[in-house]
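Encoded as structure tokens, the structure appears first; notes follow it.
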Amino acid sequence: MDRESFSDDEEDRRHLIHQNDTTSTTFQIDQHHLKTPNSSPPPNNFLFFFLNKRYVIAITLPLIIILIFFTADFKSLFRTNLPSDSITDAGSNAMRESELRALYLLKQQQSRLVDLWNRTSSLNSTSTDSIQHLTSLLIDQISLNSKIQQALLSSHHLLDSQQQQQLFNVTDVTHITACSKVDQKLSGRRTIDWKPNKNKYLFAICTSGQMSNHLICLEKHMFFAAVLNRVLVIPSAKVDYEFSRVLDIDHINKCVGTEVVVTFEEFAERKKNHMHVDKVLCYFSLPQPCYVDDDHVKKLKAIGVSMSELKTVWTEDVKKPTDRTIHEVNEKFSSNDDVLAIGDVFFADVEKEWVMQPGGPIAHKCQTLIEPSRVILLTAQRFIQTFLGEKFVALHFRRHGFLKFCNAKNPSCFFPIPQAAECISRLVERANMPVIYLSTDAAESETGLLQSLVTLNGKTVPLITRPARNSAEKWDALLYRKKLDGDTQVEAMLDKTISALSGVFIGAPGSTFTEDILRLRRGWGTASVCDEYLCQGEVPNFIAGDE
């Protein structure tokens with residue numbers, strides 16, 4: 001279950017990022033936008049026009065067929081030479097002949113749709129988002145076409161299966177998947193080598209929001225440490241989260257190939273408990289230097305960390321961060337001091353495209369640097385093997401504190417449950433994955449209604465959540481043995497891991513919990529072309545007034 005919770009309005013603002021707000025974290029990925037046939041064509045894309053024309057014909061053809069089917073006398077329009085023993089009393093059954101002719105025309109349409117899909121598939125390596133979305137819609141039409149053919153054939157009991165195959169040769173389209181994996185092109189990744197001076201440290205400080213925000217803050221600190229050739233000091237659990245319970249710290253060093261991060265305890269041992277931050281150069285100046293409050297400074301002092309005076313290097317507001325370059329970072333934050341701090345950098349915008357790329361900006365030999373601990377990863381895999389199987393959709397259904405947050409945006413991102421259920425049902429049908437893993441903080445009244453409304457082919461789609469511990473179940477035995485069970489942050493990371501391993505993911509727009517899942521999916525290569533935010537492209541059909 002999603003463990004993000006908030007105590008007041010200020011926490012709501014600090015834990016959430018605006019989906020369309022350019023001031024939000026750089027780890028927020030761009031959404032896929034559907035390009036309509038009237039949109040301006042991409043440059044050098046004659047084939048795109050060709051595909052769009054074929055696409056329009058392909059989509060409208062079924063409507064024309066249905067109109068003709070109900071208004072025309074097919075017997076007078078078409079003549080077919082069917083085997084004399086295939087249909088009893090064919091002359092007196094014009095409706096049957098019309099149905100069979102409709103099947104023939106649908107078969108022709110399907111052939112053209114498959115050909116068009118093959119053409120778009122050959123463009124996947126260089127296609128735009130428009131082509132990818134067009135491909136998915138074409139697959140939807142091919143699948144619908146196949147269902148229509150099967151439905152029409154089902155009424156013809158006088159035709160045996162061999163005659164059906166002989167007459168119409170209905171194409172098996174089950175091999176065509178609408179939700180293929182995204183090619184992340186990792187081989188072309190732009191990277192920076194992290195080769196720190198072993199005696200120079202960057203002291204990480206993260207204060208904004210909950211665990212997801214802090215993980216993003218840590219990842220950005222890694223980039224700064226790589227740029228400044230410093231070892232990163234992971235914050236102490238006494239002033240921050242206990243990262244060692246959810247992250248594999250050693251994994252980071254192994255992936256880079258040298259020691260690039262140390263725990264606070266290791267740092268304290270090396271400094272013989274004389275822990276002094278020699279220079280504090282604040283990345284943010286507003287609303288307060290380094291985005292660090294007095295309470296955090298007191299906590300640092302309580303564990304023996306002293307700090308020099310906080311200095312701001314430029315005017316930078318967390319609400320309106322400026323796009324910065326690696327050269328600006330080097331110019332402003334390079335120092336010969338042993339221990340440097342730059343404050344909370346969750347909102348920092350430095351080399352956005354570089355930092356956001358799959359696998360991150362730092363050169364390493366793994367899929368991603370910041371990832372769940374091995375224990376959490378194995379537990380997630382065991383849960384999937386027990387309850388979900390290979391093909392499942394993961395849904396992050398954020399509700400707590402989200403109504404007010406979303407209604408402050410234009411348009412709102414808080415959807416009535418019936419509307420949300422329709423969006424989810426459409427994607428489940430498109431993905432052909434009839435089970436959903438639900439990560440949510442919603443009340444049972446909401447999840448119960450959602451469960452009753454999410455359907456596929458007239459059947460309710462199960463919404464699976466993690467059950468309470470049961471000694472008869474062994475999927476969570478590792479957590480129990482390592483004394484990690486019952487830890488809310490461990491459970492939140494477990495939710496992220498399960499969701500990151502799903503076939504298709506539906507996220508909550510504006511939530512850093514969702515953004516961290518999308519980051520893992522990009523790094524692990526599990527991202528799908530069908531991944532999207534809940535009811536993406538729609539607006540709520542009802543919005544409450546302001547207070």
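Kindly indicate whether residue 191 is closer than 20 Å to residue 236 by Cβ, open to solvent by less than 70 Å² (accessible area, probe 1.4 Å) and not aromatic (Phe, Trp, Tyr).
No.
Restricting attention to the range 401-438, and to residues there that are of a type in the set (S, T, N, Q) and within 18 Å of residue 511 (Cα to Cα), which single residue is nearest to the chain's Cα centre (by Cα)?
412
For the range 493-526, name all the residues that are small (Gly, Ala, Ser) and open to solvent by 10 Å² or more (accessible area, probe 1.4 Å).
Hit for the range 493-526 is 525, nothing else.
Residues that are open to solvent by 40 Å² or more (accessible area, probe 1.4 Å) and without any contact (Cβ under 8 Å) to a residue 24 or more places away in the chain: list the helices (runs of 4 or more DSSP H) wholly contained in the range 346-464 that include at least 1 such residues.
The qualifying helices (runs of 4 or more DSSP H) are 352-356, 417-431, 444-453.
Could you grab me the full set of residues in the range 527-547 that are under 11 Å from the mean Cα position of the chain (by Cα) and either surrounded by fewer than 24 Cβ atoms within 10 Å (Cβ to Cβ) or hydrophobic (A, V, I, L, M, F, W, C) (or both)?
Once the filter is applied, which keeps residues that are under 11 Å from the mean Cα position of the chain (by Cα) and either surrounded by fewer than 24 Cβ atoms within 10 Å (Cβ to Cβ) or hydrophobic (A, V, I, L, M, F, W, C) (or both), the range 527-547 yields 527, 528, 529, 530, 532, 533, 534.
For the range 288-309, name all the residues that are surrounded by 18 or more Cβ atoms within 10 Å (Cβ to Cβ) and part of a strand (DSSP E or B).
305, 307
Taking the residues in the range 269-285 that are of a type in the set (A, V, I, L, M) and at pLDDT 95 or above as candidates, determine which candidate is nearest to residue 484 (Cα to Cα).
Ranking the qualifying residues of the range 269-285, first place goes to 277.
Return the pairs, sorted by first residue and then second, in which the second residue is open to solvent by 60 Å² or more (accessible area, probe 1.4 Å), the first residue lies in the range 262-276 and is closer than 15 Å to residue 239 by Cα, the beta carbons are less than 7 Å apart, and the residues are 6+ apart or on different chains.
Once the first residue is closer than 15 Å to residue 239 by Cα and sits in the range 262-276, its partners that are open to solvent by 60 Å² or more (accessible area, probe 1.4 Å) give 263/244.
Mind listing just one residue for me: the one in the range 247-267 that is aliphatic (A, V, I, L, M) and modelled with pLDDT under 95 and, of those, nearest to the chain's Cα centre (by Cα)?
Restricting to residues being aliphatic (A, V, I, L, M) and modelled with pLDDT under 95, the top hit is 247.
So that you can scan it fast, the table gives a plain yes or no per residue for (1) outside any strand (DSSP E or B); (2) open to solvent by less than 40 Å² (accessible area, probe 1.4 Å); (3) among the hydrophobic types (A, V, I, L, M, F, W, C); (4) over 23 Å from residue 258 (Cα atoms):
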position	(1), (2), (3), (4)
311	no, no, no, yes
314	yes, yes, yes, yes
331	yes, no, no, yes
335	yes, yes, no, no
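The values are calculated or read from the model by the stated rules, or taken from the named source; none is laboratory data. In this text the structure is predicted, and so the values were computed from the model without any measurement. Positions of Cβ are backbone-derived with ideal geometry, glycine not excepted, and every protein chain shown enters the neighbour counts. Note: areas computed on protein heavy atoms with side chains; ligands, DNA, RNA excluded. Shrake-Rupley method; radii C 1.70, N 1.55, O 1.52, S 1.80 Å.
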